[in-house]
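Each remark here refers to the structure printed beneath this line.
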Amino acid sequence: MNAWLSRLVLRVWNGVRERRNAQIVSAIRSSLASCGPDTVIHPSVGVVAPENVTVGEHVLLGPGVWISAVNTRIAIGSHVMTAPQVALVAGNHNTSVLGRFMDEVEEKRPEDDEPIVVEDDVWLGLRAIVLKGVTVGRGQLSPRVPSSCVTFLRTRSSPAFPRESSARGSRSRRSSDTNVLSTVAC
């Protein structure tokens, strides 16, 4: 194939891909409960129950971010950045019913689905997983942890997690915040 023909095919393909990505991002943005200005959403972002998700302004949702807000809400503040493959999962299965397969249990308990709040000026690093009931405090930076760990950040005063299960302190860009990093399932 001639070089000019190869460049033409590549230019046409890139244009098709850009239009398709713009349509995907537009569909994600319009399906959210609210989405602030200057928010960048990668086309590979997945959102389950987008009507329960609010996103502030100047937010970056990176490649492969997964947001699941079935039966509850997720609120993402302003000036929040996520690295690739971050997950925010605000629900769980009812695992309290014994003697039945989990996929047959339809009853939900209030503690099975709890909201997630990501406050302003937060950075969630590569493959961070934020689970139900967690509030990620303002100015929080997720630390480096092995990708096989499930981690969450919370403030000590968070009502969602009254028990201390602190592994070690996490970094905050706001010196007045007292933050705790908890790690489970490593």
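The values are calculated or read from the model by the stated rules, or taken from the named source; none is laboratory data. Keep in mind that what you see is a predicted model, and the values were worked out from it rather than measured. Cβ placement follows ideal geometry from the backbone for every residue including glycine, while neighbour counts extend to all protein chains displayed.
For the range 94-118, name all the residues that are assigned to a loop (DSSP other than H, G, I, E, B) and either of a type in the set (D, E, K, R) or touching a Lys or Arg at 6+ places or on another chain (Cβ under 9 Å) (or both).
In the first step, residues of the range 94-118 are kept if they are assigned to a loop (DSSP other than H, G, I, E, B); the result is 94-101, 105-109, 114-115.
Once the filter is applied, which keeps residues that are assigned to a loop (DSSP other than H, G, I, E, B) and either of a type in the set (D, E, K, R) or touching a Lys or Arg at 6+ places or on another chain (Cβ under 9 Å) (or both), the range 94-118 yields 94, 96, 100, 106, 107, 108, 109, 114, 115.
Looking only at residues that are surrounded by fewer than 21 Cβ atoms within 10 Å (Cβ to Cβ), aliphatic (A, V, I, L, M) and outside any strand (DSSP E or B) in the range 119-164, which one is modelled with the lowest pLDDT?
160
Is it true that residue 24 is at negative phi and within 14 Å of the chain's Cα centre (by Cα)? Before the answer, list the steps.
Values: at negative phi: yes; within 14 Å of the chain's Cα centre (by Cα): no.
No.
If I filter the range 57-76 for residues that are modelled with pLDDT of 95 or more and hydroxyl-bearing (Ser, Thr, Tyr), do I get at least one hit?
Yes: the range 57-76 contains one or more residues that are modelled with pLDDT of 95 or more and hydroxyl-bearing (Ser, Thr, Tyr).
Residue 26 fails exactly one of the following numbered conditions: (1) in a strand (DSSP E or B); (2) more than 21 Å from residue 139 (Cα to Cα); (3) of a type in the set (Ser, Thr, Tyr). What is the number of that condition?
Status for residue 26: all satisfied but (1).
Considering each residue of the range 29-56, count those that are hydroxyl-bearing (Ser, Thr, Tyr) and either at positive phi or part of a helix (DSSP H, G or I) (or both), and give that number. Steps first, answer last, please.
Pass one, the range 29-56, residues hydroxyl-bearing (Ser, Thr, Tyr): 30-31, 34, 39, 44, 54.
With the extra rule that they be either at positive phi or part of a helix (DSSP H, G or I) (or both), the set shrinks to 30-31.
Counting residues in the range 29-56 that are hydroxyl-bearing (Ser, Thr, Tyr) and either at positive phi or part of a helix (DSSP H, G or I) (or both) gives 2.
Is it the case that some residue within the range 57-78 is under 13 Å from the mean Cα position of the chain (by Cα), among the polar types (S, T, N, Q), surrounded by 13 or more Cβ atoms within 10 Å (Cβ to Cβ) and outside any loop (DSSP other than H, G, I, E, B)?
yes
Are there any pairs, at least 6 apart or on different chains, whose C-beta atoms fall under 7 Å, with the first in the range 1-26 and modelled with pLDDT of 80 or more and the second assigned to a loop (DSSP other than H, G, I, E, B), and if so, which?
Here the result reads 21/43; 24/43; 25/43, each pair linking the range 1-26 to a residue that is assigned to a loop (DSSP other than H, G, I, E, B).
Quick one: in the range 81-96, of everything that is under 14 Å from residue 134 (Cβ atoms) and of a type outside the set (Gly, Ala, Ser), which residue is surrounded by the fewest Cβ atoms within 10 Å (Cβ to Cβ)?
Across the range 81-96, the extreme among qualifying residues is 92.
Can you tell me which residues in the range 12-39 are of a type in the set (A, V, I, L, M) and within 17 Å of residue 67 (Cβ to Cβ)? Before the answer, list the steps.
Residues of the range 12-39 that are of a type in the set (A, V, I, L, M), as a first pass: 12, 16, 22, 24-25, 27-28, 32-33.
Passing the criteria: 24, 25, 27, 28, 32, 33.
For the range 26-56, which residues satisfy the criterion of being hydrophobic (A, V, I, L, M, F, W, C), surrounded by fewer than 17 Cβ atoms within 10 Å (Cβ to Cβ) and touching a strand residue (DSSP E or B) at 6+ places or on another chain (Cβ under 8 Å)?
First, pick out the residues of the range 26-56 that are hydrophobic (A, V, I, L, M, F, W, C): 27-28, 32-33, 35, 40-41, 45, 47-49, 53, 55.
Narrowing further to those that are surrounded by fewer than 17 Cβ atoms within 10 Å (Cβ to Cβ): 27, 33, 40, 48.
Selection gives 33, 40, 48.
How many residues does the range 73-95 hold that are touching a helix residue (DSSP H, G or I) at 6+ places or on another chain (Cβ under 9 Å) and more than 18 Å from residue 140 (Cβ to Cβ)? Steps first, please.
Pass one, the range 73-95, residues touching a helix residue (DSSP H, G or I) at 6+ places or on another chain (Cβ under 9 Å): 73-74, 90-95.
After this cut, where a residue has to be more than 18 Å from residue 140 (Cβ to Cβ) as well, the list is 73, 91-95.
Final tally of qualifying residues: 6.
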